[in-house]
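Visitor: I have a structure here, written as structure tokens, and I will follow up with some questions on it.
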Amino acid sequence: MSYRGPKGTYDVYPGGGQGQEPHERPELWAWAESVARDFFRRYNYTEVRLPVFEEARLFIRSVGEASDIVRKEMFVFHDKGGRELSLRPEGTAGVVRSYVEHGLYKLAQPVKMWYFGPMFRHERQQKGRYRQHVQIGAEVIGSADPLVDVEVISLLYNIHQALGVRDEIVYLNNLGDLETRRRFVPELRGYLKKHESELDPDSVSRIETNPLRTFDSKNANTQALLAEAPRIGDFLSEEAKGYFEAVKEGLAVVGVPYAIDERLVRGLDYYTLTVFEAKSTALGAQDTVGGGGRYNGLVQELGGPEMPGIGFGSGVERILLAANAPDEVPKLDVFFITLAPEARLPAFSLASVLRSSGLSCDLDYADRSAKGQFKQADRGGARYAVVIGDEELADGVCSVRDMTTGEQRAVSIVEGPWELIKALGV
RNA sequence: GUGAUCGUAGCUCAGUAGGCAGAGCAUCGGGUUGUGGUCCCGAAGGUCGCGGGUUCGAGCCCCGUCGGUCACCCCA
């Protein structure tokens, strides 16, 4: 094989589902995007389309120097002007950059935005994890109303449910505001240092850089130790506690089931207060379908005014992997069957007119036999086969065959395509 | 980045002990000089991931490399 797609990437291509993963099937992508798009319309979100690369320092500043994404997962490159750029590893940084750059804080707040597009992380791939993957995401900037948190979380959950994600659980936590973190982090760090010898190496290295992340460890010893560790819930300010309660109450009202997970911290540094993660047990080890959180300091951090924000990102490959994918065959309205060389141009012309009228149609381009053309019509799920051969040409008609019933009748084409269009019931 | 495991037809996979590269599905044709979805017959389709080594002889054994898969790490 002379060429292959780059490591960790995949193709979406026609193949009738033979040997294809759900996320390799074009019709499932079309379905997922249209379902998501309709949800965003109903929730009044505006689509943004942003570059897939940005200045690298944007991600370093927002996602965080100590984060794994910045430390080892960014596709960084230099352009010919010596600028250091990076393929975007996540969506929030670009959206916030755009919000600040275009002064969107002058618009009526909050500004509600969504996007659908590829993200890039240089990782070893496995089930549900690719170096290029697609995220559906939403960001709401300019409101600190806990009901916005509820809206964002329920939007994520409802999209997943509409797409058939199986066995989904939404985990929820509150990381507190900056004041909370200031008091909690030294406390946790002290505890971890005391038990340093019993921790796994990854967790030890995080004691100084980002002690909150140790909560994510899958190491059994570390987890046992953390059960006794100080809890962030005990350090929350009254405001943060009240905020958390309001979010929980809102979720109950809109019927989003959730579970509190006090160890949920997430790997991006910009989160404050609400964080959430939607997982599905239908996936492998990479069981997070979508997640996000509030980032009340980020807009200011990136040079804008003090504006709160919240958002989610959800992996479309993982959605499709965790979903009960519909097994819909794309349907063709008409397939033209030409049984004489002189029939090809009239058929081609009729197809062109039918397409203008909104019907989907196709014809044989492979010089197939009559039988082969009917098979092709059948494969395409055609409702009608329109046959044009010597006999039809002599009579100025075409033979319209209903592929479900097998009934066939002659329709005049002497006056043009209008009889045919009428017969097909447009 | 670490570990395990696997690369044979478009797809799913057989391939015995190292001895001529196979099946099913899909594709194309024929049975029906112009009629599909069922059936029957046939054809086409391969640098056995790639490179090196051992051997009279390698899909099979050895080394390397690239890629897939799964897990760790981390996340979507």
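The values are calculated or read from the model by the stated rules, or taken from the named source; none is laboratory data. Remember, predicted model here, so these are calculated numbers, not experimental data. Every residue, glycine as well, gets a Cβ built from its backbone with ideal geometry; the counts of neighbours run over all protein chains shown. The accessibility values were calculated without ligands, DNA or RNA, using every heavy atom of the protein model including side chains. Shrake-Rupley method; radii C 1.70, N 1.55, O 1.52, S 1.80 Å.
Visitor: Which distance in Å, rounded to a whole number, links the C-alpha centroids of the stretch A:130-177 and the stretch A:1-79?
Guide: What the calculation gives is 17 Å, centre to centre.
Visitor: A:M74's amide H: which non-local residues (gap 5+, or another chain) put their own amide H closer than 5 Å, with H modeled 1.01 Å from N in plane and none for Pro or chain starts?
Guide: Under 5 Å from the amide H of A:M74: A:H122.
Visitor: Among rounded, prolate and oblate, which fits the stretch A:1-114 when a ≥ b ≥ c are the square roots of the eigenvalues of its C-alpha gyration tensor, a/c under 1.5 means rounded, and a/b larger than b/c means prolate?
Guide: Details: a/c = 2.50, a/b = 1.17, b/c = 2.14.
Here the stretch A:1-114 falls in the oblate category.
Visitor: If you don't mind, another one. Could you state the accessible area per residue of the stretch A:334-424 in Å², with a 1.4 Å probe and every protein chain left in place?
Guide: Values: 4990 Å² over 91 residues.
So the stretch A:334-424 comes to 55 Å² accessible per residue, rounded to a whole number.
Visitor: Sort the stretch A:123-222 into rounded, prolate or oblate with this rule: let a ≥ b ≥ c be the square roots of the eigenvalues of the Cα gyration tensor; rounded if a/c is under 1.5, and if a/c is not under 1.5, prolate when a/b is larger than b/c, oblate otherwise.
Guide: Values: a/c = 2.48, a/b = 1.43, b/c = 1.73.
Verdict is oblate for the stretch A:123-222.
Visitor: Please give the calculated 222 nm ellipticity per residue for chain A, where each DSSP H segment of at least 4 residues contributes -39500 (n - 2.57) and the sum is spread over every residue; nearest 500 deg cm²/dmol?
Guide: Details: 15 runs with 155 residues, N = 426.
So the calculated ellipticity at 222 nm is -11000 deg cm²/dmol.
Visitor: So what is the relative contact order for the stretch A:334-424, in percent, with contacts set as C-alpha pairs under 8 Å and at least six apart? Mind dumping the intermediate values first?
Guide: Numbers: 131 pairs, mean separation 25.5, N = 91.
Dividing the mean separation by the residue count of the stretch A:334-424 yields 28 percent.
Visitor: Under a 10 Å cutoff between Cα atoms, tell me which one of A:S67, A:S352, A:S237 has the largest fluctuation in the Gaussian network model of chain A.
Guide: Highest fluctuation among the options: A:S352.
Visitor: Could you go through the stretch A:217-228 in sequence order and give the Karplus-derived ³J(HN,Hα) for each residue, using 6.51 cos²θ - 1.76 cosθ + 1.60 with θ = phi - 60°, rounded to whole Hz, and x for Gly and Pro?
Guide: 4, 9, 5, 5, 4, 4, 4, 4, 5, 5, 4, 9
Visitor: Calculate how steeply helix A:26-42 sits against the longest principal axis of the alpha-carbon atoms of chain A, using the helix alpha-carbon long axis, and give the answer as 0 to 90 degrees to the nearest 10.
Guide: The helix A:26-42 is inclined about 60 degrees to chain A.
Visitor: Then there is this: How big is the antiparallel share of DSSP beta bridges in the stretch A:334-424, given as a percent to the nearest 5? Please list the in-between numbers first.
Guide: On the way: 9 of 17 bridges.
Roughly 55 percent of the DSSP beta bridges within the stretch A:334-424 come out antiparallel.
Visitor: Which angle between 0 and 90 degrees, to the nearest 10, do you get for helix A:238-254 versus the longest principal axis of chain A when only C-alpha atoms count?
Guide: Helix A:238-254 sits at roughly 30 degrees to that axis.
Visitor: How high is the relative contact order of chain A? Use alpha-carbon pairs under 8 Å, at least six apart in sequence, and give a whole percent. Show your work: numbers first, answer last.
Guide: Values: 739 pairs, mean separation 65.9, N = 426.
Relative contact order here is 15 percent.
Visitor: So which lysines pass the test for A:K127, namely a Cα distance under 28 Å, with those fewer than 8 places away in the same chain ruled out?
Guide: A:K7, A:K72, A:K218, A:K279
Visitor: Can you list the lysines whose alpha carbon sits under 21 Å from that of A:K331, skipping same-chain ones fewer than 8 residues off?
Guide: Here the lysines satisfying the reach criterion relative to A:K331 are A:K371, A:K375, A:K422.
Visitor: Between A:I421 and A:A340, what FRET efficiency comes out of the Förster formula 1/(1 + (r/R0)^6) with R0 = 25 Å and r the beta carbon distance, rounded to 0.05? Walk me through the numbers before you get to the answer.
Guide: Numbers: r = 23 Å, r/R0 = 0.91.
Computed FRET efficiency for A:A340 and A:I421: 0.65.
Visitor: Apply the a/c threshold of 1.5 to the C-alpha gyration tensor of the stretch A:334-424 and tell me whether it is rounded, prolate or oblate. Intermediate results must be reported in sequence, preceding the final value.
Guide: Values: a/c = 1.29, a/b = 1.12, b/c = 1.15.
The shape class here is rounded.
Visitor: To continue, here is another question. Return one number: the angle in degrees, 0 to 90 and rounded to the nearest 10, between the long axis of the Cα atoms of helix A:146-162 and the longest principal axis of the Cα atoms of chain A.
Guide: Between helix and principal axis, roughly 40 degrees.
Visitor: Give the residues of the stretch A:82-120 whose amide nitrogen is closer than 13 Å to a point set 7 Å from the Cα of A:L147 in the direction of its Cβ.
Guide: What the label zone holds, given the 13 Å backbone N cut-off, is A:110.
Visitor: Another question about this same structure. Can you find, among A:G284, A:G304, A:G267, the residue farthest towards the positive end of the dipole of the stretch A:251-314? Put +1 on the C-beta of Lys and Arg, -1 on that of Asp and Glu.
Guide: Result: A:G284, furthest along the dipole toward the positive end.
Visitor: Here's a follow-up. Output the peptides A:9-22, A:295-308 sorted from most to least packed, where packing is the average of other Cβ atoms within 10 Å over each peptide's residues.
Guide: Per-residue Cβ counts within 10 Å, averaged per peptide and sorted highest first, yield A:295-308, A:9-22.
Visitor: Next question. Which FRET efficiency value, to the nearest 0.05, is calculated for A:A285 and A:L393 with the Förster distance at 45 angstrom and r the Cβ-Cβ distance?
Guide: Numbers: r = 63 Å, r/R0 = 1.40.
Once rounded, the FRET efficiency stands at 0.10.
Visitor: What is the extension gain from A:A66 to A:S34, computed as 0.36 nm multiplied by their sequence separation minus the C-alpha to C-alpha distance, in nm to one decimal? Kindly include the intermediate steps, with their values, before the conclusion.
Guide: Details: separation 32, 0.36 × 32 = 11.52 nm, distance 3.68 nm.
Stretched fully, the A:A66-A:S34 segment lengthens by 7.8 nm.
Visitor: Ok, one more. Is any residue of the stretch A:128-160 close enough, with backbone N under 14 Å, to a label point placed 7 angstrom from the Cα of A:F75 along the Cα-Cβ axis, and if so, which?
Guide: From the stretch A:128-160, the list is A:130-135.
Visitor: At 1.4 Å probe size, with the rest of the protein present, what percent of the exposed accessible area of chain A is carbon and sulfur atoms? Mind dumping the intermediate values first?
Guide: Values: 10440 of 21160 Å².
Heavy-atom surface of chain A belonging to carbon and sulfur, 1.4 Å probe: 49 percent.
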